[in-house]
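I have placed the structure first, in the form of structure tokens, so that the comments after it can refer back to it.
The values are calculated or read from the model by the stated rules, or taken from the named source; none is laboratory data. Just so it is clear, the structure is predicted and the values come from calculations on it, not from any experiment. Quick reminder, even Gly has a Cβ in these numbers, built from the backbone with ideal geometry, and neighbours come from all protein chains shown. Heads up: the accessible areas ignore ligands, DNA and RNA and are worked out on the full protein's heavy atoms, side chains in. Shrake-Rupley method; radii C 1.70, N 1.55, O 1.52, S 1.80 Å.
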Amino acid sequence: GKIDRQTPILNSKIHEMNINPYWTAPVSIVRKDIIPLMRKNAQYLVENKIRVFDGQTEIDPISIDWNTEEAVNYRFRQDPSKINAMGSVKINFPNPHAVYQHDTPQQSLFSKLLRFESSGCVRVANVRDMMVWLARETPGWDRRTIERTIESGERIDIDLVAPVPVYFTYISAWSTGPGVVQFRDDI
């Protein structure tokens, strides 16, 4: 994550994948990103296929006073699409931080040496390989079915038959053999 929006240290078990997920912006992103972007470009939400809800009722973004923090009272949901912030999949595991792993439409981020770009969640390189591996014991979810489902654009949840442990840790130094220590900058 970014320095001011760090990925937490945790351990859990991956129990579900959402194919072609909706993305619901957390209040922190509404406050730090969406409000300032709407002040600059009133079409930002439309251009990014983000809809605004008051409970279950969709509202017109024009009705929000973007010069205040009023927007934090609403739910912002991005529809499944090629530009969805989570790409083709959201990978869920219980945790008190509301973080998850996901695909990304910004594949170029994986070629950067320093990748502190997220708001706490974790983008996964080669996510479709990981999806196949996670679903390996879940009947009916081989690579072909996963690929077809992604291409269909249909929103589908897959409950994994065998939850998979996941550990987030932060390491800036480690040994790679007798007398050899690797060091990395601590952001």
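At-a-glance table
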quantity	calculated
Volume of the Cα convex hull of the chain, divided per residue and given in Å³	153 Å³
Extreme residue, positive dipole direction of the chain, given options Thr68, Tyr170, His15 (C-beta unit charges)	Tyr170
Value of relative contact order over the chain, rounded to a whole percent, pairs C-alpha under 8 Å and six or more apart	34 percent
Solvent-accessible area, 1.4 Å probe, carbon plus sulfur percent, for the chain	52 percent
Surrounding net charge for Phe53, when Lys and Arg each add one and Asp and Glu each subtract one, Cβ distance under 9 Å	+1
Protein-only accessible surface order, largest first, of Trp174, Trp133 at 1.4 Å	Trp133, Trp174
Additional length obtainable on full extension of the chain from Gln182 to Glu151, 0.36 nm per residue less Cα span	7.0 nm
Principal-axis tilt of helix 143-152 within the chain, Cα atoms, nearest 10 degrees	10 degrees
The stretch 31-64 and the stretch 141-168: distance between their alpha carbon centers, rounded to Å	29 Å
Length-normalised contact order of the stretch 115-187 in % [C-alpha pairs under 8 Å, at least 6 apart]	20 percent
Mean Cα-pair separation over length for the stretch 2-86, i.e. relative contact order, pairs under 8 Å, 6 or more apart, %	39 percent
